[in-house]
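Below you'll find the structure, written out as structure tokens, and then a few comments.
The values are calculated or read from the model by the stated rules, or taken from the named source; none is laboratory data. Only a predicted model underlies this, so the values are computations on that prediction, with no experimental measurement involved. Note that each Cβ is placed from the backbone with ideal geometry, even for glycine, and that neighbours are counted across all protein chains shown.
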Amino acid sequence: MKKIFFYLMLISLSVVNCKKETSKKQKSTTEDIQQFNYINGTFLMTKDAAVIQSPSEMYAVKIDEKAKKLANQCKQYQDSKYDMVPVSVKGIVIKNPNEGWERMVIIKEIIKVEPIKVKEEIIELKTK
């Protein structure tokens with residue numbers, strides 16, 4: 001009787017451990033998929049830093065070859081070196097290891113770079 005109980009416990013533990021390993025693998029795969037994001041916003045790169053401002057959040061940008069390529073594509077639309085240019089990128093969002101913004105984007109693909117949209121302000125002068 002003790003042998004049967006021992007074997008049943010051994011089988012039960014094996015099944016439970018297999019289920020835990022499977023759920024851990026599925027969880028890490030889901031996290032990996034969630035790390036890739038499409039980000040639409042405005043981009044600015046200076047000598048020391050780069051940022052993308054989306055409608056809901058500001059991201060630091062890892063300065064690598066992709067970021068430099070994006071900065072070069074943006075230059076044609078900038079009147080001054082501090083103009084932020086509308087961009088769409090695909091990247092990995094991570095916790096920023098440096099000071100500054102909470103999250104950082106590692107650009108994996110440049111989707112598009114657009115001209116700066118100029119808002120026309122019309123001032124009406126009325127005379128009495």
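Of note:
- When each of Lys69, Lys62, Lys47 is tested for being surrounded by 11 or more Cβ atoms within 10 Å (Cβ to Cβ) and either more than 12 Å from the chain's Cα centre (by Cα) or hydroxyl-bearing (Ser, Thr, Tyr) (or both), the lone residue that passes is Lys69.
- Search result, residues across segment 93-111 that are part of a strand (DSSP E or B) and closer than 15 Å to Gln53 by Cα: Val93, Arg103, Met104, Val105, Ile106, Ile107
- Tyr59 vs. criteria in a strand (DSSP E or B), in contact with a strand residue (DSSP E or B) (Cβ under 8 Å, 6 or more places away or on another chain) and under 14 Å from Thr42 (Cα atoms): yes
- Some residue of segment 80-93 being over 14 Å from Thr42 (Cβ atoms) and hydrophobic (A, V, I, L, M, F, W, C): yes
- Of everything listed in (1) at pLDDT 95 or above; (2) over 21 Å from Lys117 (Cβ atoms), the single unmet condition for Leu44 is (2).
- Flag if Lys90 is touching a helix residue (DSSP H, G or I) at 6+ places or on another chain (Cβ under 8 Å), within 17 Å of Ile63 (Cα to Cα), part of a strand (DSSP E or B) and modelled with pLDDT of 95 or more: no
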